[in-house]
Structures are given as structure tokens and as C-alpha cells.
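For reference, the structure is listed below as C-alpha cells.
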Amino acid sequence: FVLTQGNPQWEDTHLTYRIENYTPDLSRADADHAIEKAFQLWSSVSPLTFTKVSEGQADIMISFVRGDHRDNSPFDGQGGNLAHAFQPGSGIGGDVHFDEDERWTNNFRDYNLYRVAAHELGHSLGLAHSTDIGALMYPNYIFSGDVQLSQDDISGIQAIYGPSQNPTQPIGPQTPQVCDSKLTFDAVTTIRGEVMFFKDRFYMRTNPFYPEAELNFISLFWPHLPNGLQAAYEVAHRDEVRFFKGDKYWAVKGQDVLYGYPKYIYRPFGFPRTVKNIDAAVSEEDTGKTYFFVANKCWRYDEYKQSMDAGYPKMIAEDFPGIGNNVDAVFQKDGNKFWAVRGIEGQAGYLRVIHTLGFPPTMRKIKAVSGKEKKKTYFFVEDEYWRFDENSQSMEQGFPRIIADDFSG
Amino acid sequence: SHSFPAATTETQEQDVETVQKYLENYYNLKSDGKQVERQRNSDPVVEKLKQMQKFFGLKVTGKPDAETLNVMKQPRCGVPDMDQ
């Protein structure tokens with residue numbers, strides 16, 4: 001988060017606000033409600049209180065204006081600059097201006113008044129723009145369905161006004177850091193030749209042209225998908241990706257969610273009602289077999305016959321020895337299968353396996369394991385990797401090697 | 001690059017006007033009325049462009065590549081990101 005230069009703030013934390021005029025895009029009640037909710041976001045995490053007044057000069061004056069409205073910061077018509085606000089202070093200080101050339105809404109359509117008001121009030125209270133894409137104070141408009149202060153926003157406002165009087169200090173969601181070595185994933189899937197990782201409200205991906213990992217909101221591509229997806233896989237021959245959360249799933253083609261979704265997982269796939277959610281899923285392009293991982297079991301579904309294969313579910317250990325249970329996410333890449341598993345630390349059996357595999361006794365946690373490709377198994381640990389030779393049942397010489405040296409991007 | 005696959009072509013250096021205006025509005029680039037074309041590769045523009053790319057976690061090149069232009073075209077708040 002960033003505090004406005006010079007650290008301006010309101011001395012009195014009990015502030016008044018007045019809506020001087022209303023946009024014709026919304027009913028007066030909807031506009032009042034949107035702005036009231038925006039104030040509540042900030043008062044719920046700080047000692048600030050806000051009282052709406054209907055006449056006279058309030059601390060924070062809110063208005064809908066267009067073009068040059070004589071504050072030396074003219075608006076620019078539709079799109080681009082949506083609104084602005086002034087830092088705490090007398091007169092125009094704290095005031096918020098919304099560009100009336102925009103369409104103001106109380107739903108997904110551009111632009112959601114509640115979302116923009118929550119951002120602008122951050123400026124009225126002394127916050128500048130944050131570089132955290134998950135923060136409300138990020139400069140660009142992103143509406144991911146719910147409007148909530150991130151931990152970054154909460155830390156910012158509390159840096160100015162202190163904690164809320166609320167006995168339990170409110171916390172907000174943190175934005176995943178793509179290089180965080182402790183990062184685990186909700187789901188991973190290939191999609192049209194790329195790999196997308198999912199965590200909370202965000203997706204992450206890299207591509208050969210932009211080595212910097214791209215992190216953004218899932219809602220950017222699929223506004224109607226829920227946050228916190230649990231599994232995802234691509235059926236390449238149908239150019240379809242399926243996302244799972246709880247006992248439902250969605251199917252998308254590119255950025256379009258297919259009609260009639262979400263559906264329950266039971267009838268189309270044949271899961272028993274005892275299955276309440278899927279941990280991870282991957283579909284083998286060449287065989288059309290899709291593996292579903294649920295706790296310590298796995299199912300195999302035939303995409304062509306559109307039915308579960310006989311003999312399933314099996315224990316994961318039976319079909320995928322060494323992977324462990326509770327797979328976080330799985331995807332297929334270049335013929336290899338890479339498992340992103342929750343750390344298998346603490347499961348004595350695996351630690352014994354690790355040491356018998358030839359890992360040094362100090363080895364504590366493996367971050368990812370590949371499938372068997374030409375009798376080789378790759379183990380990824382932090383920034384190094386080992387290659388295990390299934391024929392000789394031993395680690396190959398010359399390992400560990402640095403991942404970045406051999407797996408560019 | 002919000003597409004599948006992500007935008008892969010380096011766009012021609014276009015929308016110089018967009019870059020100039022964006023940096024004036026949000027990164028305090030002084031507009032001294034000079035012809036935009038001449039300013040394009042001037043130090044202040046390159047410096048401000050690098051500031052913007054750093055702020056948004058983009059590859060800091062000082063050049064208006066596709067990724068940078070894509071961010072500049074997104075709707076946003078009118079308050080500057082730097083030196084308000």
C-alpha cells in the first residue's frame with residue numbers, strides 16, 4: 001500500500017459525507033446503497049465513522065460530473081478515467097467525483113459504482129495507489145464479483161488511523177506471490193497450449209513471450225466462475241476446459257462459459273453422492289482418459305465413452321505410487337504428468353522412501369514429482385531437481401541440477 | 001495479453017499519443033507542447049515509462065510494448081500513480 005505524499009489525514013475520525021447529485025443510471029436508493037456500503041468497508045476496519053448529511057458542506061462531497069468540471073482535472077468521456085478523489089483536507093479535500101460519461105451499475109456490467117466508490121474513498125482518507133493487483137487501491141478497474149478490502153488495503157488504512165475498535169481485528173485476503181516457494185495451488189490446467197495455475201481469486205500463467213509470470217483475476221476471463229476453484233482439466237479434442245468447485249462444475253470454451261452450467265458432478269460423470277468435491281483432475285490427451293483425485297482415491301473417466309472405467313475408484317497409491325494422498329492439483333505437459341502435491345513432509349513412509357530413493361538425509365519436502373517418462377522420474381525440490389532412473393532404481397549421477405537451467409520459463 | 005494464447009506479437013510502436021497522455025496524466029510527465037513524435041524516445045518519456053512498468057510489475061523496458069499498452073488502455077482511477 002502507499003500513503004499519499006505528505007501523509008494527509010483527517011484529524012477528526014468522525015466524518016460527514018453528502019451526495020450532491022445523482023447519476024441517472026441508477027435509482028437514487030441504489031446509488032445511496034452503493035456509496036453507503038463503500039463507506040462501511042473502511043469504517044469496519046478502522047476507528048473512522050461516516051454520517052450522511054443531506055445539505056450544507058460535508059467533509060466528503062460526492063458528485064457525478066463530466067468533462068471539465070473546474071477542478072483542474074477534467075474527465076475524458078467514456079472509458080479511461082472513471083473517477084477521482086482528493087486527499088483529506090478542507091474545501092475540495094476528501095471530495096469524490098464520478099465521471100457521468102460512464103455507465104454506473106450495481107452489477108457485473110461496467111462500471112460497478114460500489115467498487116469504484118470503495119477505491120475513491122481510499123484516496124479521500126489518505127491512501128494512494130497500491131501496486132498489489134488484489135488491493136482495492138490498485139489503480140485499474142477490476143471487478144471480480146465481490147468488493148472486499150484486501151489485507152494490503154486494511155494495513156494501509158490502519159497505518160494512518162490505527163486498528164478498528166472491533167475486538168477481533170478484521171483481516172483480508174492476500175494476493176499470492178508467484179515466486180513464493182511455499183505457494184500451493186487450488187487447480188492447474190493446460191488451456192490451448194498454455195498452463196494456467198489457480199489460487200483463490202487469481203490465475204497465474206507464463207508464456208514464452210513474457211517470462212514475467214502474469215497474475216490476474218480469474219473473473220477477467222470468466223466473470224461467472226467462483227473463486228477458490230478446486231480442480232480443472234482440459235479436454236483438448238473438444239477445446240473445452242472444465243472447472244470444479246464443490247459438487248458442481250463449469251465448462252468453458254476459451255473465454256465463453258458453455259450454456260447450462262454449472263452442473264452437478266454426479267450424473268454426467270457417475271460419481272457417488274459421497275463425493276462432495278474433487279481435489280484435482282487431469283485428462284490424458286492421447287487416451288481420452290481423465291483421472292479424478294478425491295482424498296486418497298482416484299477415478300478414471302473415459303471421455304469418449306463418457307463413463308467411468310470399471311474397477312474404479314482405486315487408491316491413489318495403487319495407480320500413482322509415491323504421489324501421496326490429497327493431491328492439490330495436476331496437469332499434463334509435454335507428455336509428462338507433473339503433480340503439484342501438498343508437501344509430503346511428515347509422512348514417515350515417504351520420508352523413508354525419499355531416503356531410500358537416494359535423497360540426502362536432510363531432504364524434508366518435495367514440491368513436485370513428474371510421472372514416468374521413458375523410465376525417468378523427476379523430483380522437484382525448491383530450485384533444484386533430481387532424476388530417478390526406474391531401470392536402475394537409483395538417482396542418476398550429476399543431480400541435483402538447477403531447474404531454471406534445464407526448464408527455461 | 002488477456003487472451004489464449006497470450007498476446008505473442010510485439011506490436012509496432014503505436015499509440016504514441018496514448019503513451020504520452022497516460023504518462024502526463026498519471027506519472028507527471030511534463031508536457032511542454034513539443035511534437036509528440038520528437039518526445040517519444042526522449043529520456044523523460046523513457047524514464048516515466050519505466051516507472052509505470054515497474055509500478056504494474058511489467059517487464060521494465062522503457063518501450064511501449066503490447067503488454068504495457070494493454071495496461072494503459074484499461075479503465076482506471078484518475079488519481080496519478082506518482083507525484084500526485
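The values are calculated or read from the model by the stated rules, or taken from the named source; none is laboratory data. Just so it is clear, the structure is predicted and the values come from calculations on it, not from any experiment. With ideal geometry, Cβ positions are generated from the backbone for all residues, glycine too; neighbour counts draw on all protein chains shown.
Out of the residues in the stretch A:219-259 that are surrounded by fewer than 20 Cβ atoms within 10 Å (Cβ to Cβ) and part of a helix (DSSP H, G or I), state the one that is farthest from the other protein chains (Cβ to nearest Cβ).
The residue in question is A:His237.
For the stretch A:80-111, name all the residues that are free of Cβ contacts under 8 Å to residues at least 40 places away in the same chain and either aromatic (Phe, Trp, Tyr) or away from every other protein chain (no Cβ under 11 Å) (or both).
A:Phe86, A:Ser90, A:Gly91, A:Ile92, A:Asp95, A:Asp101, A:Asn107, A:Arg109, A:Tyr111
When the residues of the stretch B:50-73 are filtered to those that are touching a Phe, Trp or Tyr at 6+ places or on another chain (Cβ under 8 Å) and of a type in the set (A, V, I, L, M), which remaining residue is surrounded by the fewest Cβ atoms within 10 Å (Cβ to Cβ)?
Of everything passing the filter in the stretch B:50-73, B:Val71 is surrounded by the fewest Cβ atoms within 10 Å (Cβ to Cβ).
With the stretch B:24-84 as the region, which helices (runs of 4 or more DSSP H) entirely inside it contain at least 1 residues that are charged (D, E, K, R) and modelled with pLDDT of 90 or more?
Qualifying helices (runs of 4 or more DSSP H): B:43-55.
Of the conditions (1) more than 10 Å from chain B (Cβ to nearest Cβ); (2) closer than 23 Å to A:Pro223 by Cα, A:Ser124 satisfies every one except a single condition; which number is it?
(2)
Across the stretch A:288-325, what is the number of residues that are in a loop (DSSP other than H, G, I, E, B) and over 20 Å from A:Thr377 (Cβ atoms)?
12
Keeping to the stretch A:50-73, report how many residues are closer than 16 Å to A:Trp10 by Cα, part of a strand (DSSP E or B) and touching a helix residue (DSSP H, G or I) at 6+ places or on another chain (Cβ under 9 Å).
Selection size over the stretch A:50-73: 2.
Please determine, by comparing only the residues of the stretch A:190-206 that are crowded, with 19+ Cβ neighbours inside 10 Å and within 11 Å of chain B (Cβ to nearest Cβ), which one is farthest from A:Thr287 (Cα to Cα).
Looking at residues that are crowded, with 19+ Cβ neighbours inside 10 Å and within 11 Å of chain B (Cβ to nearest Cβ), I get A:Tyr203.
Any residue at all in the stretch A:133-143 that is within 30 Å of A:Val294 (Cβ to Cβ) and more than 14 Å from chain B (Cβ to nearest Cβ)?
no
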